[in-house]
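The values are calculated or read from the model by the stated rules, or taken from the named source; none is laboratory data. Because the structure is predicted, anything quoted here is derived from the model rather than measured. Cβ: placed from backbone, ideal geometry, glycine included. Neighbour counts: every protein chain shown.
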Amino acid sequence: MATPAHKLPGDADVETGADMGFHVASVSHFWLGRLVEIDSHWNPKSWSAQLFERELSSRSSVVRGLFSGNDLVGYLIAHVVCNEAHIVSFGLAPKWRGMGGGRFLLREFLRSSRLEGITVVTLDVRVTNLRARKLYEESGFEVVGIRRNYYSDNGEDALTMRLDAAEPKPNPLVDS
Ligand SMILES: CC(C)(COP(=O)(O)OP(=O)(O)OC[C@H]1O[C@@H](n2cnc3c(N)ncnc32)[C@H](O)[C@@H]1OP(=O)(O)O)[C@@H](O)C(=O)NCCC(=O)NCCS
């Protein structure tokens with residue numbers, strides 16, 4: 001059965017982020033310090049403020065924030081070229097993980113990307129990052145490649161994952 005246009009894989013029967021008090025919005029320069037802090041908790045090669053500044057200023061970068069009340073608790077950054085988006089960074093502050101926020105942020109990003117005409121979303125994930133891999137798989141991403149020794153901090157391999165984010169095409173056999 002075709003997935004309805006407003007749904008993504010894994011949408012059914014889950015609480016929405018809004019139910020849980022999360023909301024997703026764009027991120028302003030005001031949050032630079034918080035972005036650096038969140039990243040430093042999980043990224044062995046932490047990004048500098050200058051790197052985040054560049055992302056916030058770049059017209060080809062999308063920076064979406066997960067907010068709880070007035071606090072930025074997570075973020076997702078993607079680079080967009082034509083109709084393709086590549087997720088380059090995605091993480092939540094430790095105490096906000098495992099509460100559905102990551103799923104909500106990813107889903108909202110995919111939903112808005114689809115509305116803006118993005119047809120393909122890709123990312124790289126460490127082979128040992130089972131939590132993230134499970135979330136991506138449940139969101140419809142598929143492994144399309146492996147990059148050997150991709151992460152310079154420990155030589156770990158990366159899995160390249162890809163999601164076809166295009167609107168489901170009308171099927172004349174069932175939609176007429
Ligand atoms: C990966 C990350 C963004 C996921 O966000 P999250 O808010 O923790 O995840 P959610 O609570 O939305 O859970 C989404 C799914 O992730 C998986 N997951 C969450 N917590 C998990 C855990 N402790 N063990 C295994 N899988 C887990 C599950 O598939 C879960 O879906 P389910 O609850 O229906 O089983 C977050 O954990 C994080 O910031 N991790 C560190 C940074 C990182 O690894 N980023 C990804 C780089 S590619």
Exactly one of Leu51, Leu115 is over 21 Å from Met161 (Cβ atoms), at pLDDT below 95, out of contact with any helix residue (DSSP H, G or I) (no Cβ under 7 Å at 6 or more places or on another chain) and among the aliphatic types (A, V, I, L, M), and that one is Leu115
Exactly one of Thr128, Thr119 is more than 13 Å from the chain's Cα centre (by Cα) and away from the ligand (no atom under 13 Å from the Cβ), and that one is Thr119
If we keep only residues of the range 131-153 that are of a type in the set (Lys, Arg) and outside any strand (DSSP E or B), then the residue farthest from the ligand (Cβ to nearest atom) is Arg148
Among (1) more than 20 Å from Trp47 (Cα to Cα); (2) more than 9 Å from the ligand (Cβ to nearest atom), Leu72 falls short only on (1)
Checked pairs for the range 155-167, first of a type in the set (Ser, Thr, Tyr), second buried (at least 16 other Cβ atoms within 10 Å of the Cβ) and assigned to a strand (DSSP E or B), C-beta under 9 Å and 6 or more apart or across chains, list as Thr160/Thr122; Thr160/Leu123; Thr160/Asp124; Thr160/Val125
Checked the range 44-54 for anything touching a residue at least 24 places away in the same chain (Cβ under 8 Å) and either surrounded by 13 or more Cβ atoms within 10 Å (Cβ to Cβ) or not in a loop (DSSP other than H, G, I, E, B) (or both); matches are Trp47, Glu53
Counting only residues in the range 82-116 that are among the aromatic types (Phe, Trp, Tyr) and under 15 Å from the mean Cα position of the chain (by Cα), the one farthest from the ligand (Cβ to nearest atom) is identified as Phe109
Only one of Ile77, Ile38 is within 16 Å of the ligand (Cβ to nearest atom), more than 11 Å from the chain's Cα centre (by Cα), surrounded by 22 or more Cβ atoms within 10 Å (Cβ to Cβ) and modelled with pLDDT of 95 or more, namely Ile38
Quick check on the range 3-20. Is at least one of its residues within 13 Å of the ligand (Cβ to nearest atom), at pLDDT 95 or above and either surrounded by 13 or more Cβ atoms within 10 Å (Cβ to Cβ) or within 18 Å of the chain's Cα centre (by Cα) (or both)? no
